1. Subtracting the Cα-Cα distance from 0.36 nm times the residue separation, let me have the gained length for residue 173 to residue 157 in nm, one decimal.
2. Which of 310, 138 has the fewest other C-beta atoms within 10 Å, and how do the rest follow up to the most?
3. Once you wrap a convex hull around the alpha carbon atoms of region 255-355, what is its projected area averaged over all directions, in nm²?
4. Can you give the FRET efficiency to the nearest 0.05 for residue 265 and residue 123, using r as the Cβ-Cβ distance and R₀ = 30 Å?
5. Could you give the length gained by full extension between residue 148 and residue 255, i.e. 0.36 nm per residue of separation minus their alpha carbon distance, to one decimal place?
6. Tell me the label-point distance for the pair residue 133, residue 45, using the 7 Å Cα-to-Cβ offset, in nm and rounded to one decimal.
7. What's the exposure ranking of 359, 122, 306, going from fewest to most Cβ atoms within 10 Å?
8. For a quick size check, give me the Cα extents of region 201-384 along its three principal axes, largest first, whole Å.
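Just so you know, all these numbers are worked out from the coordinates, no wet-lab data involved. All figures in this text were calculated on a predicted structure; none of them were measured in a lab. A quick note on method: Cβ atoms are made from the backbone with ideal geometry, for glycine too, and the neighbour counts reach across all protein chains shown.
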């Protein structure tokens, strides 16, 4: 069962990231599996775990705060990998955020992808999706066959036991290395956890500052490609109407669909690559912005002459966020528009699927830039006083 949020101080934590529609398609088995792993872990160790399901935490500051407050006592983050996982903006955000923080703190082993349904792109070296690359870099547990076994079968129970034992082994090893330095019974202790190889504050701020202009350039290119794709889709719709008016039937429609597919291939690939670049750049900038906001009040108090620098930086971020809102505002509409086009013909399916993947990454990014505006608005009052 999912543990209550009450009286969770001092308990170990587990994060379970999955697509709700996948759980529904499995008749609830994905959540059942999460609970079974928790029960096995607790039986092996005698330690109680609070399980966070993604639906329990709102995205934004609450999600980040939950990770920040609990990472020292987290025993696992398990993304349930399916094709739909990579098309879910929410799941992509969760994994990007958690893996970034875990890597910075030297706790990468806490991330254990559960390979639940076959994803062909995971086996393609040329794949450009950053999240695919992240999953590929981690040692996943393969459940593509085990998921078909009955929950009472020996094969399923052994699979659950193997997963739980691996989580126990990872956490014990991290404890011995001194990475997991806050035991649950001493959760009130404040201990800074820093990996020797992780970038320092100045490194991350400098990276953010360098990346901000690149982010603006990438956004401009994405906006241009989106406009081009929109025009091709619009022209294609007009061509279909013209074909119908000339009584060319389904053959005429098929010819238009094939022509559209050929015209869309190049800009769609551009969108996909640019979206991944934008996502990587965005997370670099995001980290720096949050660090800058955390330090702004203290820095200005100690050195008032820095006030104008902070204000200028925040203004440039506000401009970028506004540009992103305008440039990426049509992404969800285009995702919806791509679905009927995808069903037109076999030629259209792969290119439309690729387009939706790229646009989903952009939907995720738009939420991050919206979050900046809220943060800057709340900090600007302090900075400008």
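1. 3.3 nm
2. 138, 310
3. Working: hull surface 30.6 nm².
Mean projected area of the Cα convex hull: 7.7 nm².
4. Plugging the Cβ-Cβ distance into 1/(1 + (r/R0)^6) gives 0.85.
5. Length gained between residue 148 and residue 255: 34.4 nm.
6. 3.2 nm
7. 306, 122, 359
8. Projected onto the principal axes, the Cα atoms of region 201-384 cover 76, 27, 19 Å.
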